[in-house]
Amino acid sequence: RTLTKEEWLYVIDVRNTSSGIRYSKAQVEGINGIILLPDFWNDEIYNLNNTNCFSVDFDSNVINLLDWLTKFEANGAVFLPAAGFRNNYVVGAGGVIGNYWSATSISDSSLAWLVLFGNDNLSVGGNHRWFGYSVRLVYDKE
């Protein structure tokens, strides 16, 4: 399933973690995006710059593939690449912006909530469902 608007807001803005760190913008092996960190993350695993800050560039944290695999992924981090969008037959902004759908529609059923981010932003907004944005699938832990 995909996260609801409320779940996205919780992951990005609300949840309490042992370190206080929820996310960080980064370039992982040259790919721009956002790293969502697990609740137990601490600086001893990897010291990130400008955490929980939406107004920084992706290159504030440059992470190589080995560090991603052994320090981040191995410790439960999730990477959301800035995969761009599709609008009809036009595909664009790959590596520049990320848009991830939520499962929550807006009162007008042709609109839905999404998380969007770029070099200087990270927010929850709405748009028409016919846009081709990314999805991040999750499952409920039992």
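The values are calculated or read from the model by the stated rules, or taken from the named source; none is laboratory data. Quantities reported herein were computed from a predicted structural model and do not represent experimental measurements. All Cβ positions, even for glycine, are placed from backbone atoms using ideal geometry, and neighbour counts span all protein chains on display. Areas reflect the complete protein model, heavy atoms only, side chains present, ligands, DNA and RNA absent. Shrake-Rupley method; radii C 1.70, N 1.55, O 1.52, S 1.80 Å.
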How high is the relative contact order of the stretch 22-142? Use alpha-carbon pairs under 8 Å, at least six apart in sequence, and give a whole percent.
22 percent
Is there a quick way to get the dipole size of the stretch 1-105? I mean about its Cα centre, with the Cβ of Lys and Arg at +1 and of Asp and Glu at -1; what is the value in debye to the nearest 20?
360 debye
Intensity falloff of the chain expressed as log10 I(q)/I(0), Debye formula with alpha-carbon point scatterers, at q = 0.11, 0.12, 0.14, 0.16 Å⁻¹
-0.40, -0.48, -0.65, -0.85
Rounded FRET efficiency, nearest 0.05, which uses the C-beta distance separating K141 from N87 and R0 of 30 Å:
0.30
Solvent exposure ordering (accessible area, 1.4 Å, most first) of S19, S134:
S19, S134
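Tell me what the chain gives for mean residue ellipticity at 222 nm when only DSSP H runs of n ≥ 4 count, each as -39,500 (n - 2.57), the sum divided by the residue total, rounded to 500 deg cm²/dmol. Walk me through the intermediate numbers first.
Details: 1 runs with 5 residues, N = 142.
Value at 222 nm, helices only, nearest 500: -500 deg cm²/dmol.
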Determine the order of K5, K71, K141 by accessible area, beginning with the largest, at a probe radius of 1.4 Å.
K141, K71, K5
Per residue accessible area in Å² of the chain, where ligands, DNA and RNA are left out and the probe is 1.4 Å
55 Å²
Roll a 1.4 angstrom probe over the protein heavy atoms and tell me the percent of accessible area of the stretch 1-116 that is carbon or sulfur.
54 percent
Which shape class, rounded, prolate or oblate, goes with the stretch 58-123 when its Cα gyration tensor gives a ≥ b ≥ c as root eigenvalues, a/c under 1.5 marks rounded, and past that a/b bigger than b/c marks prolate?
prolate
